[in-house]
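Worksheet: the structure to be examined is printed underneath.
The values are calculated or read from the model by the stated rules, or taken from the named source; none is laboratory data. All values reported here derive from a predicted model rather than from experimental measurement. Cβ placement follows ideal geometry from the backbone for every residue including glycine, while neighbour counts extend to all protein chains displayed.
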Amino acid sequence: MSDNLSAGTIIVYGTSWCSDCKRAKQFFGEHRIQYVWVDIEHDSDAMAYVEEVNKGLRSVPTIVFPDGSILVEPSNAQLAEKFGLQTRAQRTFYDVIIVGAGPAGLTAAVYAGREGLETLVIEKGALGGQAGSAQMMENFPGFDEGISGDEFARRLGIQARRFGAEILQATEVKSLRRDGRYICVTVSDGTEYTAQAVLIASGARYRRLNVPGEDKLIGSRVHFCAVCDGAFYKGKEVLVIGGGNSGFQEGLFLTRFARKVTIVEFEPQVKASRILQKKVAEKGEMMQVITNHAVKEFRQRDSQLEAVIVEDRATGALEEWHPDGVFVFIGLSPNSAFLPPEVERDRFGFVTTGPGFMTTLPGVFAAGDVRQASTKQAAVAVGEGAAAALMIREYLAAQSS
Ligand SMILES: Cc1cc2nc3c(=O)[nH]c(=O)nc-3n(C[C@H](O)[C@H](O)[C@H](O)COP(=O)(O)OP(=O)(O)OC[C@H]3O[C@@H](n4cnc5c(N)ncnc54)[C@H](O)[C@@H]3O)c2cc1C
């Protein structure tokens, strides 16, 4: 949970079919806020409680906070307010706007702030980006015993603010355009902010399988974040899709909760590092790895996961598997859809940059996982964020001379 969010148990009463419940769960997931989920259709006491609170209505989600306060069907803005997140900037014009508060964006904010540039960071979720959701980063230089993603994110946020950067949260950049020598960005509440330069540090997110049933089950039985949702599977069996480093790392993490973790890989061989393969093998019967199998469908009954339909690619035979939940780790998609066509991207959507991290739109720079050819590592994202901030300083100096 982020530092600025109050600790304690939040209870979300809802149903599996309610879209506002999914949105609220997504808000909590994106902000790494832990909560307890209660499906009122499977708990008559919970149903009675929701009816009592809502004067006979079954309004969901009904969210009960540790201080006893209750929000019914809240908007994301109401949830942000509840957690004291800053969603409006103090001004509308800045020297530099940074999109994304992951390692690249926050490091750029530290450097830009220290250079005396008026800096606004706009983040749609929690600080720290993907790194913030890492259980433990063991390869980040300077932390000989590793550092948890949460702690890393907390420290980076404090450091960026110490140098004067303003950071908005629960605020998504929806579009960006160049207007004369300035760059304007429009955010989710419709406000437009303007800057002399913009750094795209919007990172990437886990790719979906795009098979039938996936969309409807996301957040209830299909997940993309083991840290956020693993605890729902205490003593249960889970399927991890993807035999790369992420799949193996997250699968190992899930053994803290799950009775059994099965990793399934599409290719005949897994791509995870040898060290991770060894760690998984050491788990014995608790973990199983199945290769050369393709997930074809998540079959549902009454909005619940009934079976995962999997094809044995060697024989073409279809199999029915019955895990309690599924975690998907099959690679990354860049968060670049909000960018205009003038910002060139490769066929996967990663932003291309020239010398000095500048994109094809003058005044717009890119760093970190969203950038084509970046190596998708926290230490590299940090390095790119620092370098991009220094390039922006030079760009601004050249503009004003
Ligand atoms: C579970 C997990 C474990 C990992 N473990 C390690 C590890 O041990 N070691 C290591 O080196 N790397 C690790 N990584 C990879 C590392 O976290 C990433 O390489 C790094 O976070 C990339 O940083 P970034 O700032 O470029 O992007 P991100 O971390 O992706 O941050 C981008 C931020 O931009 C925000 N954003 C996106 N679009 C918008 C928008 N339109 N408006 C506003 N905000 C937006 C996102 O919400 C996000 O917070 C791990 C990743 C994951 C997911």
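Quick notes on this structure:
- Residue count for the range 318-345, restricted to those that are more than 26 Å from Gly235 (Cβ to Cβ), modelled with pLDDT of 95 or more and outside any strand (DSSP E or B): 10
- The single condition among (1) in a loop (DSSP other than H, G, I, E, B); (2) under 18 Å from Asp95 (Cβ atoms) that Ala398 does not satisfy is (1).
- Pairs where the first residue, in the range 171-191, is among the aromatic types (Phe, Trp, Tyr) and the second is away from the ligand (no atom under 14 Å from the Cβ), C-beta under 8 Å, 6+ apart: Tyr182/Thr194; Tyr182/Ala195; Tyr182/Gln196; Tyr182/Gly363
- Filter result for Gly368 (under 20 Å from the mean Cα position of the chain (by Cα), on the phi > 0 side of the Ramachandran plot and within 14 Å of the ligand (Cβ to nearest atom)): yes
- Subset of the range 255-290 [more than 21 Å from Trp37 (Cα to Cα), charged (D, E, K, R) and outside any helix (DSSP H, G or I)]: Lys260, Glu265, Glu267, Lys271, Lys283
- Test set (1) surrounded by fewer than 17 Cβ atoms within 10 Å (Cβ to Cβ); (2) touching a Cys at 6+ places or on another chain (Cβ under 9 Å) - Tyr206 fails condition number: (1)
- Whichever residue in the range 186-206 is over 21 Å from Gly354 (Cβ atoms) and in contact with a strand residue (DSSP E or B) (Cβ under 7 Å, 6 or more places away or on another chain) and, among such residues, is farthest from the ligand (Cβ to nearest atom): Thr194
- For the range 5-115, the strands (runs of 3 or more DSSP E) that sit wholly inside it and include 1 or more residues that are assigned by TED's automatic domain parsing to the domain that holds Gln169 and among the hydrophobic types (A, V, I, L, M, F, W, C) are 93-99.
- Residue match in the range 337-351 (condition: under 20 Å from the mean Cα position of the chain (by Cα) and at positive phi): yes
- Conditions (1) in contact with a helix residue (DSSP H, G or I) (Cβ under 8 Å, 6 or more places away or on another chain); (2) at pLDDT 95 or above: number failed by Tyr233: (2)
- Leading residue by the ranking (surrounded by the fewest Cβ atoms within 10 Å (Cβ to Cβ)) among those in the range 349-381 that are out of contact with any strand residue (DSSP E or B) (no Cβ under 7 Å at 6 or more places or on another chain) and free of Cβ contacts under 8 Å to residues at least 60 places away in the same chain: Pro355
- Residue in the range 62-85 that is among the small types (Gly, Ala, Ser), within 16 Å of the ligand (Cβ to nearest atom) and surrounded by 13 or more Cβ atoms within 10 Å (Cβ to Cβ) present: yes
- Identity of the residue in the range 226-254, part of a loop (DSSP other than H, G, I, E, B) and surrounded by 17 or more Cβ atoms within 10 Å (Cβ to Cβ), that ends up farthest from the chain's Cα centre (by Cα): Gly243
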